[in-house]
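Enquirer: This structure is in structure tokens; I'll ask about it shortly.
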Amino acid sequence: MAVRHRDRISDILLKDSKAVVLALLFAGSMWLYVNRVLIPHQRSEAATHEVPRGNLSDLYPRWLGSRELLLHHRNPYSAEVTREIQAGYYGRELDPSRPMDPKDQQAFAYPVYVAFLLAPTVELPFRSVRIGFEWLLITMTAASVWLWFRAFQWQPPARIGVAATLLLLGSFPAVQGIKLDQLSLLVAGMISLCAALLASAQLIAAGIVLAVATIKPQLVVPLAAYLLLWAATDWARRQRFVWAFGLAMIALWAGGEIILPGWVTKFRQAAHEYLRYTGGKSLLESLLSPLWGSITSLLLFSALALAVWRFRRAEPQSRQFSIVFAAALAVTLISVPMVAPYNYFILVPAVLLIVREWEGLWRANVFTKAMCVATVLFVGWQWLGALLAVLASVWLPPETVQRAWKLPLLAILMIPFVVLVQMALLLSGAWTSEPAARLQ
């Protein structure tokens, strides 16, 4: 009996080890694909069409705007600062007379209180700041997997956690986000920390972290609305979250007013301009139409509101709370007025829940089984495509491989939709099979 038990443990460890090796292979392939295929293709296209390329760091506009505000008391939303940002980001100012110049002005289109986060770095050279920020993103990305495990009260085998971490670090959204120094990854990490703190009954800390995460309000506001409603339904026990979030937001807004009077109006104008020159379309609007995309988004948020109300009494440690939390982020992603893979990071909790609930989804019915297959195909194609592209780069000329640069990204737009359908299935199952948690 003991021998059989040891053999079973050995089999499990062997399978887990294979999972880690496979995850490492896929993650490495993605990084090689980006460095050997995608970036050379982009450089070639830029040279051919005379598209300017500077540091191309999404942190740079925020950092330079914060530096000019804090050190020289200049308005980071001003046209003058925007031109200086362009000189670093693109290598020169954008020229409207050049048709191939990018439309994105790279203006400082964030709430001014992002400057408080960047304040310790404004006197440092940007090159050093960038290196440190990239390592911060890598660290937070890796930590977010384990924070979601804690938030979901889920303890998978350690090697499975390592494999999940490697796959996340080697996913296209992560590689793109790290390469571009995207603050979306930082915000996604804050959201995972907020969820873990809620599950640990640290309501004050969770409220403060969520408030800081509003440096990207389009990714956080729907989630904040859900959590505030959730807290209000049991005010006696959850009011600390509301007070912490509210007071932290007041401090951030008031602090912003001190360093830049009238910043809210300036930010609103900058955000409006940003939506104008970037197109401001959501995934739904891009795939459907502006009208039908907006209608569908409204319907999805209405359905989410019903789910939020149904499970408003669920505790943070419950399955219901986890599903609604992840569903809120999934609906946000396809409705936010921007299509960018690095924003996919807020889908991480939904994907992890799908993995945790896999057995139940697979066995439920033919449709849920088909959706499981679709999820594996659409989510997994990025790694398989990257591996194929890297293998091709060994034998084929670079010009030939670069023409197939889209290969790993062929299914990228479908990922949010299959994940959202899976979350809808989990919500539906929780709605019909589990009574709403009652207040004590």
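The values are calculated or read from the model by the stated rules, or taken from the named source; none is laboratory data. Nothing here was measured: the structure is a model prediction, and the numbers come from that model. Here the Cβ is made from the backbone with ideal geometry for all residues, glycine too, and neighbour counts use every protein chain on show.
Enquirer: Hey, can you tell me all the residues within segment 188-232 that are within 27 Å of TYR274 (Cβ to Cβ) and small (Gly, Ala, Ser)?
Expert: The answer is ALA188, GLY189, SER192, ALA211, ALA213, ALA224, ALA225.
Enquirer: Within segment 348-369, can one find any residue that is more than 23 Å from the chain's Cα centre (by Cα), over 26 Å from LEU186 (Cβ atoms), at pLDDT below 95 and of a type in the set (Ser, Thr, Tyr)?
Expert: The answer is yes, given that some residue of segment 348-369 is more than 23 Å from the chain's Cα centre (by Cα), over 26 Å from LEU186 (Cβ atoms), at pLDDT below 95 and of a type in the set (Ser, Thr, Tyr).
Enquirer: Restrict the check to segment 68-84 and report whether at least one residue is under 27 Å from SER171 (Cβ atoms) and basic (Lys, Arg).
Expert: no
Enquirer: Taking segment 396-433, which residues are assigned to a helix (DSSP H, G or I) and not hydrophobic (A, V, I, L, M, F, W, C)?
Expert: Correct list: PRO398, GLU399, THR400, GLN402, PRO408, PRO416, GLN422, SER428, GLY429, THR432, SER433.
Enquirer: While we're looking at this one, here's another question. Got at least one residue in segment 118-134 being under 15 Å from MET190 (Cβ atoms), touching a residue at least 60 places away in the same chain (Cβ under 8 Å) and out of contact with any Asp or Glu (no Cβ under 6 Å at 6 or more places or on another chain)?
Expert: Checking segment 118-134: not a single residue is under 15 Å from MET190 (Cβ atoms), touching a residue at least 60 places away in the same chain (Cβ under 8 Å) and out of contact with any Asp or Glu (no Cβ under 6 Å at 6 or more places or on another chain).
Enquirer: Okay, moving on. Would segment 332-348 turn up any residue that is out of contact with any helix residue (DSSP H, G or I) (no Cβ under 8 Å at 6 or more places or on another chain) and over 21 Å from CYS194 (Cα atoms)?
Expert: No, that holds for no residue.
Enquirer: Next question. Can you name the residue in segment 274-321 that is charged (D, E, K, R) and under 27 Å from TRP431 (Cβ atoms) and, of all such residues, is surrounded by the fewest Cβ atoms within 10 Å (Cβ to Cβ)?
Expert: Out of the qualifying residues, it is ARG310.
Enquirer: I need the full set of residues from segment 302-331 which are within 19 Å of the chain's Cα centre (by Cα) and over 16 Å from ALA195 (Cα atoms), in order please.
Expert: VAL331
Enquirer: Restricting to segment 132-182, and then to whatever is touching a helix residue (DSSP H, G or I) at 6+ places or on another chain (Cβ under 6 Å) and among the polar types (S, T, N, Q), can you tell me which residue is surrounded by the fewest Cβ atoms within 10 Å (Cβ to Cβ)?
Expert: Within segment 132-182, the match that is surrounded by the fewest Cβ atoms within 10 Å (Cβ to Cβ) is THR165.
Enquirer: Given the condition part of a helix (DSSP H, G or I), within 22 Å of GLY380 (Cα to Cα) and without any contact (Cβ under 8 Å) to a residue 60 or more places away in the chain, answer yes or no: does some residue in segment 145-154 qualify?
Expert: Within segment 145-154, one or more residues are part of a helix (DSSP H, G or I), within 22 Å of GLY380 (Cα to Cα) and without any contact (Cβ under 8 Å) to a residue 60 or more places away in the chain.
Enquirer: Across segment 227-236, what is the number of residues that are surrounded by fewer than 21 Cβ atoms within 10 Å (Cβ to Cβ) and touching a residue at least 60 places away in the same chain (Cβ under 8 Å)?
Expert: 3
Enquirer: What tally of residues in segment 366-383 results from selecting those that are touching a residue at least 24 places away in the same chain (Cβ under 8 Å) and either of a type in the set (A, V, I, L, M) or not in a helix (DSSP H, G or I) (or both)?
Expert: The total comes to 4.
Each row is one residue, and each column tells you yes or no for (1) in contact with a Lys or Arg (Cβ under 9 Å, 6 or more places away or on another chain); (2) modelled with pLDDT of 95 or more.
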site: ALA107; (1), (2): no, no
site: ALA115; (1), (2): yes, yes
site: LEU124; (1), (2): no, yes
site: VAL129; (1), (2): no, yes
site: PHE133; (1), (2): no, yes
site: PRO156; (1), (2): yes, no
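Enquirer: Any residue in segment 34-48 that is within 18 Å of LEU388 (Cβ to Cβ) sitting within a Cβ distance under 6 Å of a residue that is among the aliphatic types (A, V, I, L, M) and surrounded by 15 or more Cβ atoms within 10 Å (Cβ to Cβ)? List the pairs, counting only those 6 or more apart or interchain.
Expert: Between residues of segment 34-48 that are within 18 Å of LEU388 (Cβ to Cβ) and residues that are among the aliphatic types (A, V, I, L, M) and surrounded by 15 or more Cβ atoms within 10 Å (Cβ to Cβ), the close pairs are VAL34/VAL175; VAL37/ALA389; VAL37/VAL401.
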